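> Dumping the structure here so I can ask a few things about it.
The values are calculated or read from the model by the stated rules, or taken from the named source; none is laboratory data. Given the structure is predicted, the values throughout are model-derived calculations rather than measurements. Glycine also receives a Cβ, built like all others from the backbone with ideal geometry; neighbour counts cover every protein chain displayed.
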Amino acid sequence: MSNGRYSAGSVALAFVLGSAVGAGLALLAAPKSGTETRELLKEQANVAKDEALKVADEVKKKGTGLIEKSREVVETKRAVLESALEAGKEAMEKEKERLLTKIKFDEKAEKV
């Protein structure tokens, strides 16, 4: 739970499990033979299993998508940082050249 909200996967899973339990209890309380009841329970278990697998696949797909987006963001930020670092190196070199030129100019001015 995050900020008082449940994820879609949590809600779907809770719904599926609640439906399966409710259906199972209803079948047990229904006036049917044991064989019929077991068959209905088996069918409901298969439906619940299929729904749980669908939810798991959905969560897996969303997770994979988030991982890919995260990789893209990291790669973009890395490229920006590399550009900034390179620009900083170039600026430092230019400033170094400027200072060396100034020092040479000042030394010549002192000799005169």
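> Taking interchain pairs and intrachain pairs at least six residues apart, which have beta carbon atoms under 8 angstrom, with the first residue in the stretch 8-24 and in contact (Cβ under 8 Å) with a residue 12 or more places away in the chain and surrounded by fewer than 16 Cβ atoms within 10 Å (Cβ to Cβ) and the second among the hydrophobic types (A, V, I, L, M, F, W, C) and assigned to a helix (DSSP H, G or I)?
Gly9/Val55; Gly9/Val59; Leu17/Ala48; Leu17/Ala52; Ser19/Ala48
> Quick one: Ala29 ticks every box in (1) in contact (Cβ under 8 Å) with a residue 40 or more places away in the chain; (2) loosely packed, with under 10 Cβ neighbours inside 10 Å except a single one, so which number is it?
All conditions pass for Ala29, except number (1).
Residue-wise test of (1) basic (Lys, Arg); (2) modelled with pLDDT under 85.
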| position | (1), (2) |
| --- | --- |
| Arg5 | yes, yes |
| Gly18 | no, yes |
| Leu27 | no, yes |
| Thr37 | no, yes |
| Lys49 | yes, no |
| Lys60 | yes, no |
| Leu66 | no, no |
| Glu72 | no, no |
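> Could you tell me which of the residues Lys61, Lys102, Lys96, Lys77 is without any contact (Cβ under 8 Å) to a residue 60 or more places away in the chain, surrounded by 10 or more Cβ atoms within 10 Å (Cβ to Cβ) and under 30 Å from Leu13 (Cβ atoms)? Please lay out each step first, then the result.
Values: Lys102 fails: under 30 Å from Leu13 (Cβ atoms); Lys96 fails: under 30 Å from Leu13 (Cβ atoms); Lys77 fails: under 30 Å from Leu13 (Cβ atoms).
Being without any contact (Cβ under 8 Å) to a residue 60 or more places away in the chain, surrounded by 10 or more Cβ atoms within 10 Å (Cβ to Cβ) and under 30 Å from Leu13 (Cβ atoms) holds for just one of Lys61, Lys102, Lys96, Lys77, which is Lys61.
> Does Val55 fit the bill of being in contact (Cβ under 8 Å) with a residue 40 or more places away in the chain and out of contact with any strand residue (DSSP E or B) (no Cβ under 6 Å at 6 or more places or on another chain)?
yes
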